[in-house]
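S.K.: What follows is a structure written as structure tokens; I'll ask about it next.
The values are calculated or read from the model by the stated rules, or taken from the named source; none is laboratory data. The model shown is predicted, which means the values in this text are computed figures rather than measured ones. No Cβ is skipped: glycine too gets one built from the backbone with ideal geometry, and neighbour counts run over all protein chains shown. Accessible surface is based on the protein model in full, side chains and every heavy atom, while ligands, DNA and RNA are left aside. Shrake-Rupley method; radii C 1.70, N 1.55, O 1.52, S 1.80 Å.
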Amino acid sequence: MSSPALVRDLTFSPLDIPLFVPFGISGGAQPAANNVLARVELADGTVGYGEAAPLPPYNGETQADALRALAAMRAAVIDRDAADWLAVARWARDAGGAACGSAQCAFEMALLDALTRQRGQPLWQFFGGAGTELETDMTVTTGTASQAAEDARAIRRRGIRQIKVKVGGPKGALHDLERVGAIAAAAPDAPSFSTATPASRASTPANSSGACAPRRSRRPCSSNGCRRTT
């Protein structure tokens with residue numbers, strides 16, 4: 001008897017989501033989320049969904065890249081047992097997923113969604129049950145200091161405490177410092193914020209530390225250059 005967890009099908013389609021404002025990072029801005037919706041169906045009819053969110057200004061991946069990668073991996077995953085999801089993920093990666101990380105993510109997300117739905121098991125429990133709550137942040141994208149302050153106030157009004165700030169744009173570290181200062185003034189009750197620069201456009205340690213140093217009392221950190229401080 002065949003396993004009910006065999007992958008019967010992998011389908012995918014463009015998922016275009018208009019944004020209220022462009023999502024700007026150091027490499028550029030994206031006015032809409034040109035994503036891809038992936039759908040995995042298991043042998044018993046259970047369906048799981050995943051989303052690829054390529055961001056061309058970050059690493060060059062596009063919606064077209066994600067669609068091609070998912071098409072390339074489809075034949076490699078049909079009739080594979082989702083219960084052995086790590087092996088299935090490796091087959092997908094070898095067949096095309098390695099060329100587009102967002103597509104690989106979408107497939108693995110859909111695969112695990114289908115598998116855990118079939119088992120009636122929430123993902124937090126599937127991955128070990130360490131906790132049932134996860135605190136997230138919200139991003140202030142590149143732009144002016146006044147817009148950064150308004151975005152920070154809007155984030156706090158939504159009850160989100162952690163603020164992530166995109167830096168590294170063409171106006172340099174001093175402009176970023178002005179933006180970070182405006183955010184700190186607009187959201188004085190935020191326990192911490194972080195600055196993030198994509199590796200492809202990373203600031204030098206000197207520039208990053210220059211922008212972060214005046215705000216060390218607010219526990220800034222950076223994914224590139226500045227260390228988390230207390």
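S.K.: Looking at this structure, is ALA182 surrounded by fewer than 15 Cβ atoms within 10 Å (Cβ to Cβ), at pLDDT 90 or above and part of a helix (DSSP H, G or I)?
M.R.: no
For every residue, the table says whether it meets (1) open to solvent by 30 Å² or more (accessible area, probe 1.4 Å); (2) modelled with pLDDT of 95 or more.
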position	(1), (2)
ASN59	yes, no
LEU70	no, yes
ARG74	yes, yes
ILE78	yes, yes
VAL88	no, yes
LEU112	no, yes
ARG117	yes, yes
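S.K.: Pairs under 7 Å by beta carbon, first residue without any contact (Cβ under 8 Å) to a residue 24 or more places away in the chain in the range 73-96, partner open to solvent by less than 40 Å² (accessible area, probe 1.4 Å) and aromatic (Phe, Trp, Tyr), six or more apart or different chains?
M.R.: Pairs found: ALA92/PHE107.
S.K.: For the range 136-143, does any single residue satisfy the condition of being under 28 Å from VAL36 (Cα atoms), of a type in the set (A, V, I, L, M) and either in a helix (DSSP H, G or I) or open to solvent by 70 Å² or more (accessible area, probe 1.4 Å) (or both)?
M.R.: No.
S.K.: A further question follows. Looking only at the range 104-135, which residues are within 30 Å of GLU61 (Cα to Cα) and not in a helix (DSSP H, G or I)?
M.R.: PHE127, LEU134, GLU135
S.K.: Return only the number of the condition from (1) open to solvent by less than 70 Å² (accessible area, probe 1.4 Å); (2) charged (D, E, K, R); (3) farther than 30 Å from ASP176 by Cβ; (4) modelled with pLDDT under 95 that GLU41 does not satisfy.
M.R.: (4)
S.K.: For the list (1) in contact (Cβ under 8 Å) with a residue 24 or more places away in the chain; (2) among the small types (Gly, Ala, Ser); (3) assigned to a loop (DSSP other than H, G, I, E, B), I need the number of the one condition that SER146 fails.
M.R.: For SER146, the failing item is (3).
S.K.: Mind checking which pairs have a first residue in the range 17-30 that is more than 14 Å from THR139 (Cα to Cα) and a second that is modelled with pLDDT under 70 and not in a strand (DSSP E or B), Cβ under 8 Å, 6 or more apart or different chains?
M.R.: Listed by first residue and then by second, the contacts come to GLY27/PRO198; GLY27/SER200; GLY27/ARG201.
S.K.: Among the numbered criteria (1) assigned to a helix (DSSP H, G or I); (2) under 22 Å from the mean Cα position of the chain (by Cα), which one does ALA87 miss?
M.R.: So ALA87 meets the others, but not (2).
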